[in-house]
Structure formats: C-alpha cells, structure tokens
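J.: Just dropping this structure here.
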Amino acid sequence: MIASEKEIVRRKPRGYVFKVRTRSQLEAALTLADYVIVSPDNYVSNDKIWLAPPRFSPSGFTLPGGVHDIYCQNVGHLMYGNSLSGVTLHGGFGLNVINNEASSLLAGFGVNDITVGIEANVKDILRIKSDILTIYAYGRFPLMLIKQRLKGSLTDRTGRHFPIKGDEILNSVKLSLSGRLEKVNADRLLLDFNDESPQEMENIYRSFRKNVNISADNRENITRGLYGI
C-alpha cells in the first residue's frame, strides 16, 4: 500500500555512523561519530561500537565478549542475533530495505533501526516507516561479495578499477551526498571508510557537517547514487 501524504515521515540528519576497516580509522571514528561499525578483527569494547559479523559466517562463529550491538547485513545475521540475549540489532544496507513491507518485516525480528537500501529513491525513503532511519551517504558501495578474501582490484574494459577489500568488490567511484543534505530524508548518515587516513576522515566529516562538497568531488570520481538527490 502506498503511503498517503499524511503518512510521509519528514526527517533531518542529525547523527553519524562510521564504518571502518583499520584500527587507526577506529581510533579517529570514536572521537567523531555517534556509532562505529567494525569487523570482529577490530572489535573493542565500547558503547559506540556495532559489530558486523562476517558476511559469509564460518560455522561456529562466536561473538567476542562484551558485544551489545550487531550490524545485520543479511538474514543469517538477524537469525543469529535473535538467538542471543541482551543484544541490539541494527538493520544494515545489505538487507536492501526500500519499502514499508521490508521495514515491518525487520521490526518483527526486533531490529532497532534501519539503513535504507542503496537502490531506494527519494520517494521510497519518504515512505519508509522506522523509528530511526539511516542512509548510506559516503563511501565505495560494495557491488559484489566474494567468499575468498582477496586483495588488490579488478579492472573492466573501460579501464575503471574496482578495489577488493576482504570479501567485497567495491565501486570504482565514491558516493557522496555532502552538499545535498537538504534533500536527504534520514535521521543518521552512514560514512563508509576504506583507505582514508584519519585526517581524511575528519576532513570528510567536517564537509558533511557544513554540507559542502568534499574536496575530491567532481564528475569523474563521485556519484550521488540512485537516490535522485
């Protein structure tokens, strides 16, 4: 059912969630972000930390001690999280939520908040009902998952390079909504850092706080995604 104009939820971004890959990034993120998503390899006990289990979870995966928040990127993560007690579940962009039906389904799993799917457009996002809605606002969005963890990059026939990080093949260009935040209908912004230094992370964060284009923004290496923003 399509939501009426009265049912549309108007939001303004106020919080920041960082996704990081290294310890130096984690240290910087803890001083800047409201919450930080990390892999098991970089987990530390902190109230800001959300643990992202492996996308291809090995049998017998055990949660590190002290984990209270899990960032769920697939149904397996949801089921695993529901088997635990005292853990808050956060719906990740991998769940590809683009409508109320998906949002309601995740609420049934006890999910606390949702990161909207990257394929959602402005109208879709306006009509998604969730107490807290996050949007993927910066980073090289994962295009494909691979079971074998590799390093390096792939090159297509046009010469574009697609970095490989762990079990993900990333986009050749970065997505950034900085400079367009007045059009963003979400409560939180997700900034996904890959090879950025702590200083670069802070510069990008400051650009978002000011709602100006990040220094690297140009037509060749930046995209606004499919949001229509």
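J.: When only residues in the stretch 124-151 that are crowded, with 16+ Cβ neighbours inside 10 Å and basic (Lys, Arg) count, which is farthest from the chain's Cα centre (by Cα)?
T.: Selected residue: Arg127.
J.: Here is a follow-up. May I ask you to say which residue of Ser85, Ser104 is without any contact (Cβ under 8 Å) to a residue 12 or more places away in the chain, farther than 27 Å from Arg21 by Cβ and of a type in the set (Gly, Ala, Ser)?
T.: One residue alone meets the criteria, Ser85.
J.: Can you find, within the stretch 11-43, the residue that is farthest from Lys210 (Cα to Cα) among those that are out of contact with any strand residue (DSSP E or B) (no Cβ under 8 Å at 6 or more places or on another chain) and in a loop (DSSP other than H, G, I, E, B)?
T.: Among them, the one singled out is Thr22.
J.: Residue check: is Leu63 of a type in the set (A, V, I, L, M, F, W, C) and either surrounded by fewer than 14 Cβ atoms within 10 Å (Cβ to Cβ) or assigned to a helix (DSSP H, G or I) (or both)?
T.: Against the criterion (of a type in the set (A, V, I, L, M, F, W, C) and either surrounded by fewer than 14 Cβ atoms within 10 Å (Cβ to Cβ) or assigned to a helix (DSSP H, G or I) (or both)), Leu63 does not qualify.
J.: Something else: Kindly indicate the residue of the stretch 70-116 that is assigned to a loop (DSSP other than H, G, I, E, B) and of a type outside the set (S, T, N, Q) and also surrounded by the fewest Cβ atoms within 10 Å (Cβ to Cβ) among those meeting that condition.
T.: Looking at residues that are assigned to a loop (DSSP other than H, G, I, E, B) and of a type outside the set (S, T, N, Q), I get Gly86.
J.: Right, next: Can you name the condition, by its number, that Ser45 falls short on among (1) at pLDDT below 95; (2) closer than 27 Å to Ser104 by Cβ?
T.: (2)
J.: Here is a further query. Checking the structure you have, find out if any residue of the stretch 172-194 is in a loop (DSSP other than H, G, I, E, B), more than 30 Å from Ile128 (Cβ to Cβ) and either aliphatic (A, V, I, L, M) or at pLDDT below 90 (or both).
T.: No: the stretch 172-194 contains no residue that is in a loop (DSSP other than H, G, I, E, B), more than 30 Å from Ile128 (Cβ to Cβ) and either aliphatic (A, V, I, L, M) or at pLDDT below 90 (or both).
J.: May I ask you to verify whether Thr223 is in contact with a His (Cβ under 6 Å, 6 or more places away or on another chain) and of a type outside the set (Gly, Ala, Ser)?
T.: Against the criterion (in contact with a His (Cβ under 6 Å, 6 or more places away or on another chain) and of a type outside the set (Gly, Ala, Ser)), Thr223 does not qualify.
The values are calculated or read from the model by the stated rules, or taken from the named source; none is laboratory data. Note that this is a predicted model, so its numbers are computed, not measured. Note that each Cβ is placed from the backbone with ideal geometry, even for glycine, and that neighbours are counted across all protein chains shown.
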